[in-house]
Amino acid sequence: MEIDFNKNPDGLVPAIIQDANTKNVLMLGYMNQEALEVTQKTQKVTFYSRTKERLWTKGEESGNFLNLVDIKVDCDNDTLLVTVNPVGPTCHKGTDTCWAEENVQVYGFLSDLEDIITSRKNDPENPGSYVASLFRKGINKIAQKVGEEAVETVIEAKDDNEELFLNESADLLFHYLILLQAKGYKLNDIAQVLQKRH
């Protein structure tokens, strides 16, 4: 790994810190050659603090260390992507990230869909909502719908109509997300079980 520490007059390169599991960006710091070497040796992310004018290991006072997973250098050899397993909040203000965001796993559109399902669950009397109507009917009806969609997905898997297969698969996943929330869970709970098995 070649890093151009001479590109900037202060000998520092930006180090973007990313959670290895959630892939969320936690913070930005700066490293010089010595900070990089200490990070690699101790497996605890260490920066060069421009305000303290010394090496600074994240968590040395708070105990909220950033345990090193991997370091990559960008195409210009002057920026680092440091993946970590954080211990506690990363920001000195007590938040998960320096942008005051919660460091949770995000699944793109599926996370947005989970939020919509949550809002329908919290408003079960919504007369125009199919999801709210399922929550009104209870767990048995929701579980039955998952079963029906699973059977329809299997049937379409055995045929050659890819569009029908994808549509039934979408119906199955949609109803499964509803079932998860009816039981008090979300996709992240399932991902954690799979991760433990891995």
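Residues of the stretch 143-181 that are outside any helix (DSSP H, G or I) and touching a helix residue (DSSP H, G or I) at 6+ places or on another chain (Cβ under 8 Å): D159 alone.
The number of residues in the stretch 174-193 that are without any contact (Cβ under 8 Å) to a residue 12 or more places away in the chain, among the aliphatic types (A, V, I, L, M) and either surrounded by 12 or more Cβ atoms within 10 Å (Cβ to Cβ) or not assigned by TED's automatic domain parsing to the domain that holds N140 (or both) comes to 2.
Of everything in the stretch 46-66 that is of a type in the set (S, T, N, Q) and either surrounded by fewer than 16 Cβ atoms within 10 Å (Cβ to Cβ) or not assigned by TED's automatic domain parsing to the domain that holds Y30 (or both), the residue that is nearest to G29 (Cα to Cα) is S49. For the stretch 75-111, the set of residues classified as touching a helix residue (DSSP H, G or I) at 6+ places or on another chain (Cβ under 8 Å), in the same structural domain as E60 (by TED's automatic domain parsing) and β-branched (V, I, T) consists of V82 only. Can you name every residue in the stretch 85-105 that is surrounded by 15 or more Cβ atoms within 10 Å (Cβ to Cβ) and in a loop (DSSP other than H, G, I, E, B)? V87, P89, T90, C91, T95, D96, T97, C98, N103, Q105 - these are the residues of the stretch 85-105 that are surrounded by 15 or more Cβ atoms within 10 Å (Cβ to Cβ) and in a loop (DSSP other than H, G, I, E, B).
Based on what the data block shows, is V82 touching a Gly at 6+ places or on another chain (Cβ under 7 Å) and surrounded by 12 or more Cβ atoms within 10 Å (Cβ to Cβ)? No; evaluated as a whole, the condition is false for this residue. As for the stretch 119-133, it holds at least one residue that is over 24 Å from T22 (Cβ atoms), exposed (fewer than 12 other Cβ atoms within 10 Å of the Cβ) and among the hydroxyl-bearing types (S, T, Y). Number of residues in the stretch 23-48 that are in contact with a helix residue (DSSP H, G or I) (Cβ under 9 Å, 6 or more places away or on another chain) and not aromatic (F, W, Y) equals 5.
The values are calculated or read from the model by the stated rules, or taken from the named source; none is laboratory data. Bear in mind that the values here come from a model prediction, so they are computed numbers and not experimental data. Here Cβ is always computed from backbone atoms with ideal geometry, including for glycine, and neighbour counts include all displayed protein chains.
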